[in-house]
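The values are calculated or read from the model by the stated rules, or taken from the named source; none is laboratory data. All values reported here derive from a predicted model rather than from experimental measurement. Backbone-built Cβ (ideal geometry, glycine too); neighbour counts: all protein chains shown. In case anyone asks, the SASA skips ligands and DNA or RNA and just uses the protein heavy atoms, side chains included. Shrake-Rupley method; radii C 1.70, N 1.55, O 1.52, S 1.80 Å.
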Amino acid sequence: MPQAVVQMKNITKTFPGTLANDDVSLTLKQGEIHALLGENGAGKSTLMNVLVGLYKQDSGEILINGEVKNFVSPKDAIASGIGMIHQHFKLINAFTVTENVLLGDKGSLFISKKKMQTSVAKLANEFGLDVDVSAYISQISVGEQQRVEILKSLHKNANILILDEPTAVLTPQEADALFETLRDMTNKGCTIVIISHKLDEIVAIADTVTVLQKGRVAGVAKGKDINQSNLSRLMIGDDIVLNTTPQESNIGKTLLDVKNVCARNDKGLQGLCDVSFEIHEGEILGVAGVAGNGQKELGEVLCGLRTATKGSICLSDKDVTKCTVRSKLDSGLAYVPEDRLGTGLIGNMNSIDNSILRSYYTHKGVFIDYKRATSDVIDAIAEYDVLMADPKAPVRLMSGGNMQKLLLSREIALSPKVLVLSYPVRGLDIGAMEKIYSLMLEQREKGCAILFISEDLDALIKFSDRIMVLHGGSVSGIINREDAKIEELGLMMGGNKEGAS
């Protein structure tokens, strides 16, 4: 019988105006994969942040192998063998992969850089985590950054590993490989906790599932009780169905015309190579590809955050290739980046200030009209179902889904002609996904041209009119939705151009 290695008893944690965890008890056993399920804001990440010492519980206790622990910092949790890979990564951009993994280690000042890199590369190869150990964090993709976070925990000998939305940045094949790695770790006695909204993955991989609802435990499922119907009822009281369905598109004139665009990535290497496509009025062009194959560069080139070294970008027949960011945005382009907390929003600023980042210069005089801005935010909260305790509280205290809805509401408020969405539902629960997809389709119905970058092939096939596949910064092909099959898209993501039109 597997023994309990972690017992969280009657944990309560509050923030100003929010009861995040309400008398929560959780037991993790040796050699199991334990999934933590719940809607955005249900308290999943908060509970795990308590376990890893980032937050101190208001009441309750934590036992590791039967011993009561009083974690005052993550260092204490790490010493007890607990590691966490957060949804928003805790990496230092100016450091290399190796430096991030080894950060905090005690050792000689004169240790060889080559030896350090070799050691980290060996660990990465052992667990099948493909990453350039010499690259700086600022130079690698979000998917690669997640692998660095996993390496950090493995390097510190974590035997209790917590992963917050671990497959959000992975292809289905990469997710399968990750789950094989995690299962191998549990076979060696490790305990894995997965925070996820993907019910199919939880059903496939979890030994035990704890469901949280509004900060409390709604139920625990094991064995044959781990099925989508049961879990959805525990989570929201009903079966979960993603009802959003696109209507027949009414495609009009070309709004975005990209020809032979090239751009360098953060390493100074070719990030985009002769990328050409066009998006029409009332059309969604989906973009598929393994993380790090030019998606980030494409979004940034279109909105002006990255310079095109070759080619042209035309927005409504206007050449905006060399225009400034503001000029492109003023011409009708809106951008929701993959990094919602950092590039999209400023965590320490409140929702009011974040909502006017795109439009503050339109206010009259040198003073911002906060009365108007506050009114706009209150309207957006109601219209977009944004849940927050206080509009004047830092947005970093909001759940990922509510951050995303706030970010999207800001961009939509400017009535864009072209909307670039980069992983818009990454890490969101089914309810938040439903809202985001509905908003995307509403913009399409209004005639907006949408570039929809996603790792979810099912969603791309369902919502896109056409799908473009990127590999190595180049276009493997563009296919119509009715012709798209997951197997073919997977081959194109690997560089196979056969069958592409």
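Within the stretch 277-302, the residues that satisfy the criterion of being open to solvent by less than 30 Å² (accessible area, probe 1.4 Å), farther than 15 Å from S141 by Cβ and out of contact with any Leu (no Cβ under 6 Å at 6 or more places or on another chain) are F277, G282, E283, I284, V301, L302.
Scanning the stretch 324-349 for residues that are small (G, A, S), open to solvent by less than 20 Å² (accessible area, probe 1.4 Å) and outside any loop (DSSP other than H, G, I, E, B) turns up just one, A334.
On the basis of being modelled with pLDDT under 90 and in contact with a Leu (Cβ under 8 Å, 6 or more places away or on another chain), does L489 make the cut? So L489 passes the test.
Residues that are touching a strand residue (DSSP E or B) at 6+ places or on another chain (Cβ under 7 Å) and assigned to a loop (DSSP other than H, G, I, E, B) were ranked within the stretch 32-62; the one that is nearest to F179 (Cα to Cα) is E32. Can you confirm whether N260 is crowded, with 22+ Cβ neighbours inside 10 Å and not in a helix (DSSP H, G or I)? No; evaluated as a whole, the condition is false for this residue. One residue stands out in the stretch 236-271 among those that are within 30 Å of G219 (Cα to Cα) and either among the acidic types (D, E) or in contact with a Gly (Cβ under 6 Å, 6 or more places away or on another chain) (or both): the one that is modelled with the highest pLDDT, namely D238. Pairs are defined by a Cβ separation below 6 Å, a sequence spacing of at least 6 or placement on different chains, a first member in the stretch 18-38 that is without any contact (Cβ under 8 Å) to a residue 60 or more places away in the chain, and a second member that is assigned to a strand (DSSP E or B) and open to solvent by 10 Å² or more (accessible area, probe 1.4 Å); the pairs so defined are T27/A4; T27/Q7. Of the residues making up the stretch 350-383, those that are loosely packed, with under 15 Cβ neighbours inside 10 Å and in a loop (DSSP other than H, G, I, E, B) are L357, H363, K364, G365, V366, F367.
In the stretch 223-235, the residue that is modelled with the highest pLDDT out of those that are open to solvent by 60 Å² or more (accessible area, probe 1.4 Å) and farther than 19 Å from E434 by Cα is D225. The sole residue among V211, V220 that is open to solvent by 50 Å² or more (accessible area, probe 1.4 Å) and farther than 23 Å from Q295 by Cβ is V220.
Looking only at helices (runs of 4 or more DSSP H) that lie completely in the stretch 63-159, which have at least 2 residues being crowded, with 17+ Cβ neighbours inside 10 Å, under 22 Å from the mean Cα position of the chain (by Cα) and small (G, A, S)? Filter on the stretch 63-159 gives 142-155.
Take K69 and tell me if it is basic (K, R) and more than 30 Å from N227 (Cα to Cα). Answer is yes for this residue. Could you please let me know if L28 is in a strand (DSSP E or B), open to solvent by 60 Å² or more (accessible area, probe 1.4 Å) and not polar (S, T, N, Q)? For L28, the condition - in a strand (DSSP E or B), open to solvent by 60 Å² or more (accessible area, probe 1.4 Å) and not polar (S, T, N, Q) - is not met.
Residue pairs whose Cβ atoms lie under 8 Å apart, separated by 6 or more positions or on different chains, with the first residue in the stretch 464-485 and closer than 21 Å to E281 by Cα and open to solvent by less than 10 Å² (accessible area, probe 1.4 Å) and the second assigned to a strand (DSSP E or B) and hydroxyl-bearing (S, T, Y), are V469/S476.
Being open to solvent by 10 Å² or more (accessible area, probe 1.4 Å), touching a Ser or Thr at 6+ places or on another chain (Cβ under 8 Å) and more than 30 Å from H155 (Cβ to Cβ) is a condition met by no residue of the stretch 42-56.
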